[in-house]
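Everything below concerns the one structure shown next.
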């Protein structure tokens, strides 16, 4: 099992109910660059929260490393979760219960 080490970029983690209250100290490009360099993670999806932050999932298909990051409107980004053993699954068409 591959252990994850802290990146040299300042990170913030969710410890309160609202991630919008967290202090994010790195811009998005720095966080994306560090995750790509350290873990080979690339963005695979994302969406906008009800409060306007952009949440992205980054993964590495070969070894299953993953991270979830949140970017505020000003570009500051936090890593809010990370781990290993990510599984890519093809979703069944709507109505297919198999």
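Observations on the structure shown:
- Modelled FRET efficiency - R0 22 Å, residue 62 with residue 94, Cβ distances, 0.05 increments: 0.10
- Contact order normalised by residue count of the range 19-83, Cα under 8 Å, 6+ apart, percent: 31 percent
- For the range 19-83, pairs of C-alpha atoms spaced more than 20 angstrom apart make up 20 percent of the total.
- Packing-based exposure ordering (other Cβ within 10 Å, fewest first) of 67, 29: 29, 67
- Cβ crowding within 10 Å ranks 31, 44 as 44, 31, fewest other Cβ atoms first.
- In terms of other Cβ atoms within 10 Å, 90, 36 run from fewest to most in the order 90, 36.
Read the figures in this text as sums done on the coordinates, not as results from a lab. Note that the structure is predicted; figures quoted are calculated from it, not measured. Positions of Cβ are backbone-derived with ideal geometry, glycine not excepted, and every protein chain shown enters the neighbour counts.
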